[in-house]
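Student: Have a look at the structure that comes next, please.
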Amino acid sequence: SHPSLLFAIFAFATCGGYSGGLRLSVDCVNKTESNLSIDIAFAYPFRLHQVTFEVPTCEGKERQKLALIGDSSSSAEFFVTVAVFAFLYSLAATVVYIFFQNKYRENNRGPLIDFIVTVVFSFLWLVGSSAWAKGLSDVKVATDPKEVLLLMSACKQPSNKCMAVHSPVMSSLNTSVVFGFLNFILWAGNIWFVFKETGWHSSGQRYLSDPMEKHSSSYNQGGYNQDSYGSSSGYSQQASLGPSSDEFGQQPTGPTSFTNQI
């Protein structure tokens, strides 16, 4: 559980704790109208359409109010929610497993719940990481300075010079996606180990081996009984055969010769 705890922390910390920005410059023909340092800041949960900023129009002192394009909040929040709940479940499961192992194994309920939850979280990590990877891709496009410059009316005039001073640093967001898929691999890989804890695996093997064990043991018992039975019956036959042949003479050979003729 320790890797899943750490990986979950890294996943929600790198995504949920993100804040970044970009800087643009608009150099108008009339220098007094220029703004060479337009800062646009954005952060988790990436509701970019709510991020507004003002830029010069290069037509007097008038300003143009703009907003970034897109909203990746649903995929980002879903991803962070999965990470937080995966962390909390891993923490709780670790505590239960260490301190309440008897309760955990009682009626096989603990391993069964653990198995179901592990399967569910594996699925959620895959869906959440895939959705956030797409969401991050949209964020990158929407915050690309070259794309943002296209929104500005001043930049449509060749006489004005529009430039990207610096782009947002996305390395931690890239890391969050990587940790998302690592969590999926970790949880999916853990399914087998949790499955073995449920006892279904061992009971299936026991079911296959039990009939063979019963068959072989009954065969041995049968063989032993037959041997002892044979020796005792043979002994009793010999004991009883002596007097009967003395009493009845050749009578015992009668049926034998009759069967030989048949």
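Student: Within region 158-177, is there a residue that is touching a residue at least 40 places away in the same chain (Cβ under 8 Å), open to solvent by 60 Å² or more (accessible area, probe 1.4 Å) and farther than 30 Å from Arg63 by Cβ? Outline the logic, then answer.
Tutor: To start, the set of residues in region 158-177 that are touching a residue at least 40 places away in the same chain (Cβ under 8 Å) comprises 159-170, 172-173, 175-177.
Now narrow it down to the ones that are open to solvent by 60 Å² or more (accessible area, probe 1.4 Å): 159, 161, 163, 165-167, 169.
Cutting the leftovers down to farther than 30 Å from Arg63 by Cβ gives us none.
No; the residues of region 158-177 include none that is touching a residue at least 40 places away in the same chain (Cβ under 8 Å), open to solvent by 60 Å² or more (accessible area, probe 1.4 Å) and farther than 30 Å from Arg63 by Cβ.
Student: Give all pairs with beta carbons closer than 8 Å in which a residue from region 179-190 that is over 10 Å from Phe7 (Cβ atoms) and open to solvent by less than 40 Å² (accessible area, probe 1.4 Å) meets a residue that is hydroxyl-bearing (Ser, Thr, Tyr) and part of a helix (DSSP H, G or I); count only pairs at least 6 apart in sequence or on separate chains.
Tutor: Ala188/Ser122
Student: Report, ordered by the first and then the second residue, all pairs with beta carbons closer than 8 Å, sequence separation of six or more or different chains, a first member in region 120-143 that is on the phi < 0 side of the Ramachandran plot, and a second member that is open to solvent by 50 Å² or more (accessible area, probe 1.4 Å) and of a type in the set (A, V, I, L, M).
Tutor: Pairs that qualify, where the first residue is on the phi < 0 side of the Ramachandran plot and the partner is open to solvent by 50 Å² or more (accessible area, probe 1.4 Å) and of a type in the set (A, V, I, L, M), are Ala142/Ile69.
Student: List every residue pair whose Cβ atoms lie under 8 Å apart, where the two residues are 6 or more positions apart in sequence or sit on different chains, the first residue falls within region 70-90 and is farther than 17 Å from Asp114 by Cβ and of a type in the set (Ser, Thr, Tyr), and the second residue, located anywhere, is open to solvent by 50 Å² or more (accessible area, probe 1.4 Å) and assigned to a helix (DSSP H, G or I).
Tutor: Pairs found: Ser72/Asp138; Ser75/Lys134.
Student: Considering only region 129-137, I want to know if a residue exists there that is in a helix (DSSP H, G or I), more than 30 Å from Trp192 (Cα to Cα) and in contact with a helix residue (DSSP H, G or I) (Cβ under 9 Å, 6 or more places away or on another chain).
Tutor: Keep residues of region 129-137 that are in a helix (DSSP H, G or I), which gives 129-137.
From the residues that got through so far, the ones that are more than 30 Å from Trp192 (Cα to Cα) too are 135-137.
Cutting the leftovers down to in contact with a helix residue (DSSP H, G or I) (Cβ under 9 Å, 6 or more places away or on another chain) gives us 135-136.
There is at least one residue in region 129-137 that is in a helix (DSSP H, G or I), more than 30 Å from Trp192 (Cα to Cα) and in contact with a helix residue (DSSP H, G or I) (Cβ under 9 Å, 6 or more places away or on another chain).
Student: Scan region 98-110 residue by residue and report those that are at pLDDT below 80, within 22 Å of Trp187 (Cα to Cα) and not aromatic (Phe, Trp, Tyr).
Tutor: Hits for region 98-110 are Gln101, Arg105, Asn108, Arg109, Gly110.
Student: Among the residues of region 73-84, are any open to solvent by 50 Å² or more (accessible area, probe 1.4 Å) and not in a helix (DSSP H, G or I)?
Tutor: No, that holds for no residue.
Student: Related question: Are any residues in region 107-154 small (Gly, Ala, Ser), surrounded by fewer than 21 Cβ atoms within 10 Å (Cβ to Cβ) and touching a Gly at 6+ places or on another chain (Cβ under 6 Å), and if so, which ones? Steps first, please.
Tutor: Kept after step one, since they are small (Gly, Ala, Ser), are these residues of region 107-154: 110, 122, 128-131, 133, 135, 137, 142, 153-154.
Going one step further and asking which of them are surrounded by fewer than 21 Cβ atoms within 10 Å (Cβ to Cβ), we end up with 110, 122, 130-131, 133, 137, 142, 153.
Across region 107-154, the qualifying residue is only Ala142.
Student: For region 29-59, how many residues are surrounded by 13 or more Cβ atoms within 10 Å (Cβ to Cβ), over 41 Å from the mean Cα position of the chain (by Cα) and within 17 Å of Val165 (Cβ to Cβ)?
Tutor: 6
Student: While we're here: Do we find that Thr94 is open to solvent by less than 80 Å² (accessible area, probe 1.4 Å) and hydroxyl-bearing (Ser, Thr, Tyr) in this structure?
Tutor: For Thr94, the condition - open to solvent by less than 80 Å² (accessible area, probe 1.4 Å) and hydroxyl-bearing (Ser, Thr, Tyr) - is met.
Student: Further question on the same structure: Can you tell me which condition Asp114 does not meet? The list is (1) modelled with pLDDT of 95 or more; (2) in a helix (DSSP H, G or I), and all the others hold.
Tutor: Here Asp114 meets the rest and fails (1).
The values are calculated or read from the model by the stated rules, or taken from the named source; none is laboratory data. Keep in mind it's a predicted model, so treat the numbers as computed, not measured. FYI the Cβ positions are ideal-geometry reconstructions off the backbone, even for glycines, and counts take in every protein chain you see. Areas reflect the complete protein model, heavy atoms only, side chains present, ligands, DNA and RNA absent. Shrake-Rupley method; radii C 1.70, N 1.55, O 1.52, S 1.80 Å.
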